[in-house]
Every structure is written in structure tokens, then in C-alpha cells.
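Colleague: One structure is given below, represented as C-alpha cells, and several questions about it will come after.
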Amino acid sequence: MSYTKFAAALVRANPGNVRNVRISPGRCRSTVASTKSKEETHQQIDGCSVVEAEPVELISHVKKTLLNKISIDFDNTQEAYRSKGNIELLRSLLVFKLCTIDVLVEKNKELMDLTRKVFGQWMFEKMMKLTFYGQFVAGEDHNSIKPLIRKNQAFGVGAVLDYSVEEDLTQEEAEKKEMDSCVSEAEKESPGANHREKKYQAHRQFGDRRGGVTSARTYFYADESKCDNQMETFINCIKASGGASTDGFSAIKMTALGRPQFLLQFSEVLVKWRQFFKVLSAQQGKSDMNVLEQKLELEQLKESLIKMGVGAKDDIENWITGEKLGLSGTMDLLDWNSLISDTTAISNLLMVPNLETGHLEPLMKKFTAEEERQMKRMLQRVDVLAKHAMENGVRLMVDAEQTYFQPAISRLALEMQRKFNREKPIIFNTYQCYLKDAYDNVTVDVELSRREGWYFGAKLVRGAYMYQERDRAQEIGYEDPINPDYEATNRMYHKCLEYVLEEIDHTRKANVMVATHNEDTVKYTLEKIYE
């Protein structure tokens, strides 16, 4: 699926003017020290317009910095709280002490309602700003947050702007919204008529996606106008980040931008295509190889597809030997993924191979015209946000979500990278390292960026949905996607991180955000940078 063509076909709009971003030597940083020649270094940071200094001088500066090894001491409170005044520290102490009282946490809504009634709205807001709101929220709008961003910058602390407002829904209301927005009209009319996997269907007992999640925002679909409003809020965050800092970050969630039905359906398509590739790899005796080493022999592949009845010989010939696939005589997973073609009719995209018959068939029997329009609008909103990020010099992070949405989210983020990460890393995809397939996902996406010559951007997290994911897998009946234990997740995180750091060392065309609360991972990252 070519996102450039896909978005153009959907949006039918000319791309906006993108201003050139000039980066001063102090901002164009090398992630690791380099011993390469001046000419090589210049080639490696091509596309990053450096002023008033030669690249070799920059690399030398970084080398000197790394030679003076930074000592990280997490018990050094003087350094940790250097940016805070006494009043701020006292507020933090008060707020966190209150948060340890179970009854206050469990009954917070009732207590807030009572406080509002007793003291009135004005006094209630004043009290909140002096305590909880002041502790956890940067400001009410993009202007009010700028002083805090600039103050933090003075102490070397950057900002990631995140829209964190959520609806105050009951569990029953959340479940109803989820079922209404994740089940198509065709499924409602003829339940069970479509060949859908349980994992990628909505289930009422897990309709409230807030269950078991404490550190991630949750959005529920209401209508298209609400998605437009949330897009505008994300745009304001992007503009605020661009206006208040250099090379700022802003975060978005795909479930805030459209009907989640499309994410479920497209995720199922992507997973079934990958499963089909594994079946074909096994037929050629290559199932034990690493994912990127599995290369299907085209002649054998054609014979297999013809035997399965996927299509006529001429159709298969045209399908798998297009100019995108080259003349190597083999097809790997990246080539295979490119066969999912782009089209203005989204429903035509949702074709899946039936692993029992081998035939290609639509995931759904039919789509309404309104469902088509809703899917297109979601892609339009994503495209608009990416353009605003580029125009404002802001790096846009696409947050990870539940595994039944994630294949589609990752694919859309990847297509955004292909389009917008040509000159520098603008779009960052998020990889959840508590997942068993995290390393495969990272390596496949890095390899695609190498082949096509764009900048790979990754945010590495452990993950926020573990309890919910495990309960859902056990209850509905599919394989638990989470690593078996804490140590396995740590190993996965460090393995993914080391792979991306090596890519940075070799090509200078990758960026990574180490998004972790784990002290050992922070120290591990620094050690790898020194190496």
C-alpha cells in the first residue's frame, strides 16, 4: 500500500508548502561517536542543513563529551530537583502523599463533586490548580504551557505535548460506544456470516478499554465531528510544541481520529496476509529461518498459488512480478507486504486469503457508503497531522494501542514515515517490547527504511495494556501476545534498543526515543552509547 498514492487518492488535495528547517550545529546531534572521515560524515548527515560549522567539528565535540563519561546517580536529589522551587516540592509531596490514600483514589469523582458543591466552581478550580491539576497538567491551552516548557528547557528538559482529556463515561456507556463503533452494519444484520477471527472482533466484556490500564489515554468513538475536534486539538499541540521549542515532540492516538472498526478490520487483513506468507514459507521449507531470511522462490510460489486456486496463471504472473519486486527471483516479507495494493475503495483493500481454500475473499460481505467515507476521513486526518508536524518542525509520535488495533496503526505510521521522513525523522512509530513479536516488527521496519532510503523513527516502550491483553486472550481464546515474564520483556527491550542503536551507528538514518521508567534500561542505553 503506497501511502503517497493512497492519501492522494483519498484526500484529492495539493500538499501544503513545507518550509525548510535549518538546524544549528548544537541541535544536529550525533547519537554515538564516529571515527569516520570528514567526507563520510558529511554524507551521513546529508539532509540535515548544518550552519556555521563543519560536521567533523560536531562529531569531535560529541566524542569529547562521551569520553568524559557522564555519571548517572538516581539518588542525587539535588540534581534531580534542581529545576523545582520549594513551593513546587511541597506541592509534589502533598499530592503524592494524598495519592497513597486508597479511599481518596477510589472515590475521587465523588469527592470532587462534593468539593465543587461545597466551595463553588471558582474555589474548586483554584484548589485543583494549586494541587492535583498544577502537579500533573502543563496548562489549559498552548499559550499557558509555554513558560513551563521554556523553564524546563533551561535545565535541559524537553517536552512531549500530549492531549490527555478523557470522557467521563460509565462502564456501560463505554461498552455501548465500543460495540456501536467496532461492529459494521453488515455484521449487525448477519452476525456470524463473515469469516472473522475472534481476536479482531469487538467483545462487550472488553468493550471498556480503560479496564486494567492506568498509564494510557483511552478514546471512544462518538461521531465524525468529535474526531475532527480531536484532530484540531492535536494540531494545536503540534503548533504549541513548534512555537515553544526546537525539535519538539507531540503525541497522537489513532483511535481518537476515526471509527475503530477500520483499525480492527485492517489489522485482521494484515495479520492474515502475514500468516499466509508463513504457510507458503513452510511449503518451501523455510519456516525455521528468521523472518527477513525467508525468501520465497517465485516459480515455486506461482505454482503453489495456482494449485490453491488463488487466481489464473496470467493474473498471478502480473500480481507477483511487478516492477516493485525487482528481478531477484525471490520474494521476502517486505515484497509480500507491498502486494496489499492501494485503492480509493477501502473495501477493496480488505481482501484476505482463506488459509483453508487458498482463495482470496473479502473480509466483509459488504460495506455501507458511510463506512467507506468514515475510513477515508480517518486517513485524511492522519495525513493532515503529519503535514502540520512537518511544517512546524515537530516530531510526531504515534502511540501504540491494543494488539487487535496495532497492526493497522503500525502500518499507517509506517506509510507516514515513507512519505514524510525523507529528509529527517518526523514520524515516530511506537514499539511495545512486552510483545513476543516486537523484535521482528522493529527489524522488518528498519530493513524497509534501508531499502527505500527514509529515516526510521522509533519510540520504545514496554507497554501499558498487559493485564487487559492477557485477560482478553484467555477469555476469548487466542494466544497470549505478551512475553511470559518480566525478564523476557527486559531482554526484548534491550535487544530492540541495541538493534536501533547499531542502525544509528551504521547509517545515521534512524532515531530512537527510549521511553522507560526503568533505571537499568537508562544505564544500559548510556553504556551502549559510550560503546
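Colleague: Only strands (runs of 3 or more DSSP E) wholly contained in the stretch 349-416 count here; list those with 1 or more residues that are within 25 Å of the chain's Cα centre (by Cα) and modelled with pLDDT under 90.
Modeller: Once the strands (runs of 3 or more DSSP E) in the stretch 349-416 are filtered for at least 1 residues that are within 25 Å of the chain's Cα centre (by Cα) and modelled with pLDDT under 90, what remains is 351-353.
Colleague: With respect to SER83, determine if the residue is over 25 Å from THR214 (Cα atoms) and without any contact (Cβ under 8 Å) to a residue 12 or more places away in the chain.
Modeller: no
Colleague: Looking at GLN283, GLN300, GLN294, GLN230 in this structure, which one is at pLDDT 85 or above and within 23 Å of GLN402 (Cα to Cα)?
Modeller: Testing whether each residue is at pLDDT 85 or above and within 23 Å of GLN402 (Cα to Cα) leaves just GLN230.
Colleague: Mind listing whichever residues of the stretch 243-276 are in a helix (DSSP H, G or I) and more than 20 Å from the chain's Cα centre (by Cα)?
Modeller: GLY243, ALA244, LYS272, TRP273, GLN275, PHE276
Colleague: If I ask for residues that are under 15 Å from ALA438 (Cβ atoms), free of Cβ contacts under 8 Å to residues at least 40 places away in the same chain and open to solvent by 50 Å² or more (accessible area, probe 1.4 Å), which ones from the stretch 488-531 would you list?
Modeller: ARG491, GLU498
Colleague: Next question. Can you find a residue that is polar (S, T, N, Q) and either at pLDDT below 95 or in a helix (DSSP H, G or I) (or both) anywhere in the stretch 424-439?
Modeller: Within the stretch 424-439, the first condition is being polar (S, T, N, Q), and the residues that meet it are 429-430, 432.
Okay, now just the ones that are also either at pLDDT below 95 or in a helix (DSSP H, G or I) (or both), so none.
No, every residue in the stretch 424-439 fails to be polar (S, T, N, Q) and either at pLDDT below 95 or in a helix (DSSP H, G or I) (or both).
Colleague: Considering only residues that are acidic (Asp, Glu) and surrounded by 13 or more Cβ atoms within 10 Å (Cβ to Cβ), look in the stretch 318-346 and name the one that is modelled with the lowest pLDDT.
Modeller: Only one residue fits best here, namely ASP342.
Colleague: Please enumerate the residues belonging to the stretch 415-436 that are surrounded by fewer than 22 Cβ atoms within 10 Å (Cβ to Cβ) and of a type in the set (A, V, I, L, M).
Modeller: none
Colleague: Report, by residue number, each residue of the stretch 487-520 that is in a helix (DSSP H, G or I) and β-branched (Val, Ile, Thr).
Modeller: Quick first cut of the stretch 487-520, residues in a helix (DSSP H, G or I) only: 487-507, 519-520.
Passing the criteria: THR489, VAL500, ILE504, THR507.
Colleague: Report yes if ASP180 is among the acidic types (Asp, Glu), crowded, with 16+ Cβ neighbours inside 10 Å, more than 19 Å from ALA251 (Cα to Cα) and more than 23 Å from the chain's Cα centre (by Cα), otherwise no.
Modeller: The answer is yes for ASP180.
Colleague: Please go through (1) in a helix (DSSP H, G or I); (2) open to solvent by 30 Å² or more (accessible area, probe 1.4 Å); (3) of a type in the set (A, V, I, L, M); (4) in the same structural domain as GLU391 (by the TED database) for VAL279 and return the number of the only condition it doesn't satisfy.
Modeller: That leaves (4) as the condition not met.
Colleague: Please go through the stretch 146-174 and give me each residue that is part of a loop (DSSP other than H, G, I, E, B), farther than 24 Å from THR516 by Cβ, open to solvent by less than 80 Å² (accessible area, probe 1.4 Å) and of a type in the set (A, V, I, L, M, F, W, C), ordered by number.
Modeller: LEU169
Colleague: Working carefully through the options ALA251, ALA256, find the one that is open to solvent by less than 30 Å² (accessible area, probe 1.4 Å), under 17 Å from GLN374 (Cα atoms) and hydrophobic (A, V, I, L, M, F, W, C).
Modeller: The unique qualifying residue is ALA256.
Colleague: While we're here: Would you pick out the residues in the stretch 475-486 that are in a helix (DSSP H, G or I) and open to solvent by 40 Å² or more (accessible area, probe 1.4 Å)?
Modeller: Correct list: GLU475, TYR486.
Colleague: What is the one condition in (1) at pLDDT 85 or above; (2) in contact with a His (Cβ under 9 Å, 6 or more places away or on another chain) that LEU161 does not satisfy?
Modeller: (1)
Colleague: State all residues of the stretch 104-116 that are surrounded by fewer than 11 Cβ atoms within 10 Å (Cβ to Cβ) and over 17 Å from LYS129 (Cα atoms); if no residue qualifies, say none.
Modeller: If the condition is that a residue be surrounded by fewer than 11 Cβ atoms within 10 Å (Cβ to Cβ) and over 17 Å from LYS129 (Cα atoms), then GLU106, GLU110 are the ones that fit.
The values are calculated or read from the model by the stated rules, or taken from the named source; none is laboratory data. These numbers were taken from a predicted model, which means no experiment stands behind them. No Cβ is skipped: glycine too gets one built from the backbone with ideal geometry, and neighbour counts run over all protein chains shown. To get the accessible areas, we keep the full protein, side chains included, count just its heavy atoms, and leave off ligands, DNA and RNA. Shrake-Rupley method; radii C 1.70, N 1.55, O 1.52, S 1.80 Å.
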